[in-house]
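This is the structure I have questions about; it appears just below.
Every number in this text was worked out from the coordinates using simple rules, so none of it is lab data. None of these values were measured; they are calculated from a predicted model. Glycine gets a Cβ as well: all are built from the backbone with ideal geometry, and neighbour counts include every protein chain shown.
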Amino acid sequence: MPRPLYPAKFFSHGFSLVELLVVLSVIALIVAIALPVLSHHRESAVRASCTSNLRQMHQLFTLYATSHREQVPLGYRHSKQFNSMIYSATSQPDGNFVLLGLLYKDGLLDSPSVCFCPAETNQQLMHNTAANPWPPGPKGDPTRNVHGGYGCRPQVEIHDDLSERLPRLSEFRENAILADLVSVPERVETRHRDGINVLYGNGAVHWVDLERFQEPLEACTSVSFTGEFDEYQDELWEAIDLPPIVYR
């Protein structure tokens, strides 16, 4: 019988403790390197989905304008921080579709998810959650308020009876008309954190870094029903407008 090439003591039947610790350290290092990369790619994908939603919202505003003498529901209720509602259960006499809800009332929100940011983590501002049910109004629970996930430019106060003329879509062009919510700092922190996606009147969608509007945003220390922070909201929306085009 031939003798083995190596003595039995040279054959190992498992890892030593040192070898196991080295392997675990390498795995931990790989995970530490990979997680930020994966997180970055996930955030990029979410931003792209949010951008797509806003572009579709521009198409809905365009369709609404076509049927309503170029007018669109870009405004606010009571104070300029209240600019994202779809259905108000407290409107007199029996609840009413308001602001973005006018698109729904016109049958333009058959795909309601386009009205909500996919990065949002606040249940009250997400699509079809216990805190923000869908559908809104009589087809759902008419006793519950329903909020949209994007905020309109608070151009004019839009009363629930629509007694005033709504602004025309053609009046905006390089002005921001819809964006991730910016009523208070917490609204930014529950989604993209370091900035917002913004839709402009010309149909373009751009990412705007937080530093560009941070000062007026941080001045809005709470949501005020009385319009206490309206001037800061005006400054904020002006800060995220596109620079005017200079014609030579």
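Please work out the C-alpha center-to-center distance from region 170-208 to region 71-133 and express it in whole Å.
First find each Cα centre; the distance between them is then 16 Å.
How would you rank K139, K105, going from fewest to most other Cβ atoms within 10 Å of each one's own Cβ?
Details: K139 9, K105 18.
In order of increasing Cβ crowding within 10 Å: K139, K105.
To the nearest 20 debye, what charge dipole does the chain have about its Cα centre, counting +1 at the Cβ of each Lys and Arg and -1 at the Cβ of each Asp and Glu?
Details: 20 positive and 29 negative charges, 267 e Å.
With only Lys, Arg, Asp and Glu charged at Cβ, the dipole is about 1280 debye.
Under Stokes-Einstein, with the Kirkwood radius over Cα pairs standing in for Rh, what whole-number D in µm²/s applies to region 19-239 at 20 °C and 1.002 mPa s? Don't jump to the answer; show the numbers that get you there.
Numbers: Rh = 18.4 Å.
It diffuses with D of about 117 µm²/s by this estimate.
Nearest 5 is fine: what % of DSSP beta bridges in region 57-177 come out antiparallel, could you say?
75 percent
Sticking with the crude label model, points 7 Å out along Cα→Cβ, report the distance from N202 to Q214 in nm, one decimal please.
Here the modelled spin labels are 2.8 nm apart.
Tell me the net charge near I158. Cut-off is 11 Å between Cβ atoms, I158 excluded, with +1 for each Lys or Arg and -1 for each Asp or Glu.
Numbers: positive: R77, R165; negative: E157, D160, D161, E164.
Its environment carries a net charge of -2.
Where both residues lie in region 19-239, what percent of DSSP beta bridges are antiparallel, nearest 5?
Values: 17 of 19 bridges.
Of those bridges, close to 90 percent are antiparallel.
Alpha carbons only, please: Rg and Dmax for region 116-203, in angstrom.
14.7, 38
To the nearest 20 Debye, how big is the dipole of region 110-245 about its Cα centre, given +1 on the beta carbon of each Lys and Arg and -1 on that of each Asp and Glu?
Details: 10 positive and 24 negative charges, 135 e Å.
Computed charge dipole of region 110-245: roughly 640 debye.
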